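Report on one structure; see the data block that follows.
The values are calculated or read from the model by the stated rules, or taken from the named source; none is laboratory data. Treat the numbers as computed from the prediction; the structure is a model and nothing was measured. Glycine also receives a Cβ, built like all others from the backbone with ideal geometry; neighbour counts cover every protein chain displayed. Calculation scope for accessible area: heavy atoms of the full protein, side chains included, ligands and nucleic acids excluded. Shrake-Rupley method; radii C 1.70, N 1.55, O 1.52, S 1.80 Å.
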Amino acid sequence: MGRHELREQVFRLLFQVEFHASGDMPRQMRLFLEDNEEIDSQRDADRIEKRCQEVRDKIPEIDRLIDGNTEGWDTTRMGKVELAVLRLAIYEMRYDDDIPAGVAIDEAVEIAKTYGQENAGGFVNAILGKIVKLGD
């Protein structure tokens, strides 16, 4: 499984975080990974689960960063797709040295366009662009 496909699977799993209690997420992750025909190997399933858990562990920090860099929006008002995309991209930008910020942003915008509402790509791009400037 390539990086794009892996990232999309992690996004789909992170999207579920908003619909399940924290204590139920290990079971939900297991069900997602077991029932997913797009995941070819146990190695890929392990990578997806690991990355999802890494992002979940950082959600409080990531959400503070999102809330601090949006005007008129916060994580409680955002669409679930956009929020999951932002969380994943910000994790990659801040905590994964192997992924350049530009790649994280481009991938996030593409996922937002695929799964989100009409203006999701622009919305995600604007927030991530503002956040990436903080790191400069």
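As I understand it, the value is the acute angle between the Cα axis of helix 120-135 and the longest principal axis of the Cα atoms of the chain; what does it come to in degrees, rounded to 10?
It is inclined by approximately 70 degrees.
Tell me, what are the semi-axes, in whole angstrom and largest first, of the equivalent ellipsoid of the range 1-47 as set by the roots of 5 times the Cα gyration tensor eigenvalues?
They are 19, 12, 8 Å, listed largest first.
For the range 25-79, state which GluC sites (Glu not before Pro) are in a DSSP loop and have at most 13 other beta carbons lying within 10 Å of their beta carbon. Don't skip to the answer; put the middle values down first.
Values: sites: 34, 37, 38, 49, 54, 61, 71; in loops: 37, 38, 71.
Loop-located and lightly packed - 37, 38, 71.
Determine the equivalent ellipsoid of the chain by diagonalising the alpha-carbon gyration tensor, then write out the semi-axes as square roots of 5 times the eigenvalues, largest first, rounded to whole Å. It would help to have the intermediate numbers written out before the result.
Values: eigenvalues 109, 53, 39 Å².
Its equivalent ellipsoid spans semi-axes of 23, 16, 14 Å.
Need the list of lysines near residue 130 for cross-linking: C-alpha distance under 26 angstrom, and skip anything on the same chain fewer than eight residues off.
58, 80, 113
Of the heavy-atom accessible surface of the chain (probe 1.4 angstrom), what whole percent is carbon and sulfur? Mind dumping the intermediate values first?
On the way: 3400 of 7510 Å².
Its accessible area is 45 percent carbon and sulfur atoms.
Can you give the angle from 0 to 90° between the axis of helix 101-115 and the longest principal axis of the chain, with both taken from C-alpha atoms, to the nearest 10?
Roughly 70 degrees, rounded to the nearest 10.
Compare 29, 93, 78 in a GNM of the chain, Cα atoms joined below 10 Å, and give the one with the largest fluctuation.
Maximum among the listed residues: 78.
Rounded to the nearest 20 debye, what is the charge dipole size of the chain about its Cα centre when +1 sits on each Lys and Arg Cβ and -1 on each Asp and Glu Cβ?
Working: 19 positive and 29 negative charges, 64 e Å.
So the dipole magnitude of the chain works out to roughly 300 debye.
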